[in-house]
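Engineer: What follows is a single structure, and I will ask about it in a moment.
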Amino acid sequence: MKLALCNEVLAPLPFAEQCRIAAALGYMGLEVAPYTVCEDPAAMSDAAARDLARIAADHGLAVTGLHWLLVKPAGLSITSPDDATHARTVAFMRRLTELCAAMGGNYLVHGSPKQRLIAEGQTKEAALARATEAFAAAGDAARAAGVTYCIEPLSADQTPLINTVADAAAIVRAVNNPHLRTMIDTSSAGLAEAEPVDALIRRWVPTGLIAHVQVNDPNRRGPGQGEMNFGPILRALRENGYAGVVAAEPFDYVPDGMGAAARAIGYLRGLLEDL
């Protein structure tokens, strides 16, 4: 397993400084939220994306992937019944797969809860059908770019759509594209799933549908800053052969971004050493 840090934890520091700090703390990579490096990610050139990869490499890091995909520009939605909005969103998702590849990343994590709401007058089934269309298109683009597009299940307090791994897996199986998979966010899983996260891992990782893991406590702080015990979670990942990236993604930075990042990796590395 490779430990990465979600880069918005260290924003708004310049990207090079984010890399310097992450490397000094012992992370092997940064998982990049596109809105933190470009006001309009769709306007980013491949050359600019490759430059981010070079900056990371200069600090001994990799850009592992992208997440928080649809924050900017405003007005994106994978569920919108408006055809123009939906088409613009799909085009943006396609472009992000190309940028991810240019940055040297291997995966994209599609959370973006506010951009997958159910519109007024829209049924949940219709919203889900629109989302599935978007994910199918993103999967095709991911295959062309040589990356994996992950549907992120998020708890119901964030979005009414795709709340569990089973929900996401149903879409992945319906689309049937190996470049479209799902992932586990431990904070949302701790709130939304009927079984403990380690049991969830033991059930789903062997299916091959899990391409990524993000670690955070259900209290929205980093791992080790709440009641969730990550020892069984990391043990379940290791015992089931997970060899991908584990990205620390706190939302509530205590005492601050740098402190949360330091606390997360210290806690995780200590647990891994004891396995």
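The values are calculated or read from the model by the stated rules, or taken from the named source; none is laboratory data. In this text the structure is predicted, and so the values were computed from the model without any measurement. Note that each Cβ is placed from the backbone with ideal geometry, even for glycine, and that neighbours are counted across all protein chains shown.
Engineer: For Glu227, indicate whether it is of a type in the set (D, E, K, R), assigned to a helix (DSSP H, G or I) and free of Cβ contacts under 8 Å to residues at least 12 places away in the same chain. Break it down into steps so the answer makes sense when it comes.
Structural biologist: Details: of a type in the set (D, E, K, R): yes; assigned to a helix (DSSP H, G or I): no; free of Cβ contacts under 8 Å to residues at least 12 places away in the same chain: yes.
For Glu227, the condition - of a type in the set (D, E, K, R), assigned to a helix (DSSP H, G or I) and free of Cβ contacts under 8 Å to residues at least 12 places away in the same chain - is not met.
Engineer: Contact list please: Cβ distance under 8 Å, first residue in the range 261-272 and in contact (Cβ under 8 Å) with a residue 24 or more places away in the chain, second residue aromatic (Phe, Trp, Tyr) and assigned to a helix (DSSP H, G or I), pairs at least six apart or on different chains.
Structural biologist: The qualifying pairs are Tyr267/Phe230; Leu268/Phe230; Leu271/Phe230.
Engineer: Could you count how many residues in the range 242-264 are farther than 19 Å from Met28 by Cβ and assigned to a loop (DSSP other than H, G, I, E, B)?
Structural biologist: Taking the range 242-264 first, the residues farther than 19 Å from Met28 by Cβ are 251-256, 259.
This time we only want the ones that are assigned to a loop (DSSP other than H, G, I, E, B), so: 251-256.
Residues meeting the conditions: 6.
Engineer: Which pairs turn up if I take residues in the range 239-256 that are hydrophobic (A, V, I, L, M, F, W, C) and look for partners that are assigned to a loop (DSSP other than H, G, I, E, B) and modelled with pLDDT under 95 with beta carbon separation below 6 Å, at least 6 apart in sequence or on another chain?
Structural biologist: Matching pairs, first to second residue: Val246/Met1.
Engineer: Inspect all residues belonging to the range 265-273 and state whether any of them is surrounded by 20 or more Cβ atoms within 10 Å (Cβ to Cβ), out of contact with any Gly (no Cβ under 9 Å at 6 or more places or on another chain), modelled with pLDDT of 95 or more and part of a helix (DSSP H, G or I).
Structural biologist: Taking the range 265-273 first, the residues surrounded by 20 or more Cβ atoms within 10 Å (Cβ to Cβ) are 265, 268.
In the following step, the residues that additionally are out of contact with any Gly (no Cβ under 9 Å at 6 or more places or on another chain) were identified as none.
No; the residues of the range 265-273 include none that is surrounded by 20 or more Cβ atoms within 10 Å (Cβ to Cβ), out of contact with any Gly (no Cβ under 9 Å at 6 or more places or on another chain), modelled with pLDDT of 95 or more and part of a helix (DSSP H, G or I).
Engineer: Restricting attention to the range 156-180, and to residues there that are of a type in the set (A, V, I, L, M) and part of a loop (DSSP other than H, G, I, E, B), which single residue is farthest from Asn106 (Cα to Cα)? Lay out the reasoning, then the answer.
Structural biologist: In the first step, residues of the range 156-180 are kept if they are of a type in the set (A, V, I, L, M); the result is 156, 161-162, 165-166, 168-172, 174-175, 180.
Subset that is part of a loop (DSSP other than H, G, I, E, B): 156, 161-162.
Numbers: Ala156: 28, Leu161: 25, Ile162: 23 Å.
Filtering first and then ranking leaves Ala156.
Engineer: Could you give every pair whose Cβ atoms fall below 9 Å, whose first residue belongs to the range 160-175 and is closer than 11 Å to Phe135 by Cβ, and whose second residue is among the charged types (D, E, K, R), counting only separations of at least 6 or pairs across chains?
Structural biologist: Ile162/Arg116; Ile162/Glu152; Ala168/Glu152; Ala168/Arg181; Val172/Arg181
Engineer: Has the range 78-88 got at least one residue that is among the small types (Gly, Ala, Ser) and under 19 Å from the mean Cα position of the chain (by Cα)?
Structural biologist: Taking the range 78-88 as the starting set, the residues that turn out to be among the small types (Gly, Ala, Ser) are 80, 84, 87.
Imposing the further condition that a residue be under 19 Å from the mean Cα position of the chain (by Cα) reduces the set to none.
No; the residues of the range 78-88 include none that is among the small types (Gly, Ala, Ser) and under 19 Å from the mean Cα position of the chain (by Cα).
Engineer: Taking the residues in the range 194-218 that are within 18 Å of the chain's Cα centre (by Cα) and in a loop (DSSP other than H, G, I, E, B) as candidates, determine which candidate is surrounded by the most Cβ atoms within 10 Å (Cβ to Cβ).
Structural biologist: Asn216
Engineer: Another question about this same structure. Answer with yes or no whether Asn163 is under 29 Å from Glu195 (Cα atoms) and either surrounded by fewer than 18 Cβ atoms within 10 Å (Cβ to Cβ) or among the basic types (Lys, Arg) (or both).
Structural biologist: Values: under 29 Å from Glu195 (Cα atoms): yes; either surrounded by fewer than 18 Cβ atoms within 10 Å (Cβ to Cβ) or among the basic types (Lys, Arg) (or both): no.
Taking the combined requirement at face value, the residue does not satisfy it.
Engineer: Of Ala102, Ala43, Ala138, which residue is touching a strand residue (DSSP E or B) at 6+ places or on another chain (Cβ under 7 Å) and either among the aliphatic types (A, V, I, L, M) or at pLDDT 95 or above (or both)? Break it down stepwise before answering.
Structural biologist: On the way: Ala102 fails: touching a strand residue (DSSP E or B) at 6+ places or on another chain (Cβ under 7 Å); Ala43 fails: touching a strand residue (DSSP E or B) at 6+ places or on another chain (Cβ under 7 Å).
Step by step, each of Ala102, Ala43, Ala138 is checked, and only Ala138 is touching a strand residue (DSSP E or B) at 6+ places or on another chain (Cβ under 7 Å) and either among the aliphatic types (A, V, I, L, M) or at pLDDT 95 or above (or both).
Engineer: Right, another one. Would you confirm, using the coordinates I've provided, whether Arg88 is in contact with a helix residue (DSSP H, G or I) (Cβ under 7 Å, 6 or more places away or on another chain) and either more than 28 Å from Gly26 (Cβ to Cβ) or among the basic types (Lys, Arg) (or both)?
Structural biologist: The answer is no for Arg88.
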